[in-house]
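The structure appears below as structure tokens.
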Amino acid sequence: MDNVFSQLPQDIIHQIFSRLSLRQVLRCRSVSKTLYAALSSPLFTQLLAATSPFPLLALRPPHRHHHYPSPSPLLHLFDPIENKWLQFHLSFLPFPSVHPIASAGGFLYLWADSPASDSNKSLVVCNPLTLQHKTLPQLGSAWSRHGSVLVDSVNNRVIVLNELAALYYSNSNNSWLKFSSNLPSKPRSPILINKSIIALCDVGSPWRSQWKLFICTLKSLQTSQPWNTLEKHEWGDVFDILKRPRLLKGFGNMILMIGGLKSSFSLNASCSTILILKLDLYTLEWGEAGRMPVEMFRCFQESSKFKVFGGGNRVCFSAKRIGRLALWESNETGKEDWRWIDGVPGNGDGLYRGFLFDARLDASP
């Protein structure tokens with residue numbers, strides 16, 4: 001087959017394969033060296049610029065292992081359309097260890113160790129499909145341990161946030177800008193949406209949590225008091241019905257808030273299921289987006305905590321000793337579907353974290 005394609009002009013190969021989806025192109029690239037070279041060239045990438053991205057769910061390595069044990073690190077991804085696990089090799093990155101944490105616009109963001117010292121950490125942005133990467137200015141190891149990394153595709157904008165400070169980076173300044181944060185507590189699952197940062201903070205006591213939403217626009221980030229509470233009297237006890245809530249991006253102006261649905265308002269109330277709420281940032285009205293089926297939730301009941309990742313119309317759930325992931329999906333009409341994801345890499349018994357990754361060939365850091 002390699003001989004067949006080697007005899008064709010490259011522009012003919014480009015025209016033939018530009019009619020395929022990115023998912024199909026990636027399969028074809030693995031057929032032969034000739035096809036890999038032709039379907040990885042800048043000219044072909046330009047032809048695919050208008051192609052829809054390839055939506056995937058990426059797994060982060062286990063939290064206790066901040067380094068990959070393998071000399072050839074891999075990014076494990078799940079294709080929810082074809083119900084298959086995939087692997088992207090990260091060995092093209094020139095670092096002793098890398099830790100994928102986030103993605104936006106076809107870019108993958110990773111914490112990387114400096115070859116000279118483990119105390120120096122850098123954020124690296126790359127595209128594992130084109131094998132291109134860029135290293136952002138170094139940060140101390142404390143940021144990699146305690147900061148939340150928020151990214152979007154506008155100017156490769158990156159924010160590293162904790163309760164005391166925020167670091168801001170974009171291609172336009174090519175350096176980190178530091179601003180005071182002054183949040184009342186460590187932000188839980190902050191998200192960057194519509195030029196604003198939204199985070200959950202616990203303003204309660206050591207004995208009883210009290211969650212509130214805080215919002216800060218990127219424009220006001222450099223002011224002395226950038227954060228405001230996002231609340232309405234009509235919301236009532238929306239934060240009291242959920243145990244250990246966390247946020248994810250929804251579609252457009254929507255945010256998702258997910259947690260265990262308490263069976264009562266008592267201090268140590270058990271949960272009856274996992275609830276997904278949605279907040280319209282334009283109207284500031286809450287609605288229910290999804291509710292985990294009771295038979296599925298029984299698998300999560302014995303676990304003291306669970307992890308949530310994803311966004312948009314797909315949310316994944318993991319807990320220890322379950323051996324698989326639970327997936328919630330919603331279509332354009334709002335109809336929801338719950339299913340199990342089997343074949344999780346490793347032993348499948350861990351507490352998995354992850355993020356959405358929209359694979360693109362035309363994303364160049």
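The values are calculated or read from the model by the stated rules, or taken from the named source; none is laboratory data. Because the structure is a prediction, the values reported are computed rather than measured. Heads up, the Cβs are rebuilt from the backbone with ideal geometry, glycines too, and the neighbour counts pull from every protein chain shown.
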*Tell me, please, whether a residue that is aromatic (Phe, Trp, Tyr) and over 22 Å from Gly334 (Cα atoms) can be found in the range 253-271.*
yes
*asked:* Going by what's in this entry, would Ile191 be described as in contact with a strand residue (DSSP E or B) (Cβ under 6 Å, 6 or more places away or on another chain), over 25 Å from Gly334 (Cα atoms) and among the aliphatic types (A, V, I, L, M)?
replied: no
_First in the range 345-361 and of a type in the set (Ser, Thr, Tyr), second anywhere and at pLDDT 80 or above, Cβ under 8 Å, 6 or more apart_ = Tyr352/Leu59; Tyr352/Arg60; Tyr352/Lys307; Tyr352/Phe309; Tyr352/Cys316; Tyr352/Ser318; Tyr352/Leu325; Tyr352/Val344
*Select from the range 274-320 the residues that are touching a residue at least 24 places away in the same chain (Cβ under 8 Å) and polar (S, T, N, Q) and write down the one among them that is farthest from Leu150 (Cα to Cα).*
Gln301
*Do we find that Arg188 is in the same structural domain as Val149 (by TED's automatic domain parsing), among the basic types (Lys, Arg) and within 17 Å of the chain's Cα centre (by Cα) in this structure?*
yes
_Given (1) over 28 Å from Lys307 (Cα atoms); (2) surrounded by fewer than 20 Cβ atoms within 10 Å (Cβ to Cβ), index of the condition Ala165 fails_ = (1)
*In the range 210-233, what residues are surrounded by fewer than 17 Cβ atoms within 10 Å (Cβ to Cβ) and either without any contact (Cβ under 8 Å) to a residue 12 or more places away in the chain or within 20 Å of the chain's Cα centre (by Cα) (or both)?*
Ser220, Thr223, His233
_Counted residues, the range 129-187 - those being part of a loop (DSSP other than H, G, I, E, B) and of a type outside the set (A, V, I, L, M)_ = 22
*Exclusive hit being in the same structural domain as Trp338 (by TED's automatic domain parsing), in contact (Cβ under 8 Å) with a residue 12 or more places away in the chain and surrounded by fewer than 18 Cβ atoms within 10 Å (Cβ to Cβ), set Lys134, Lys84, Lys121*: Lys134
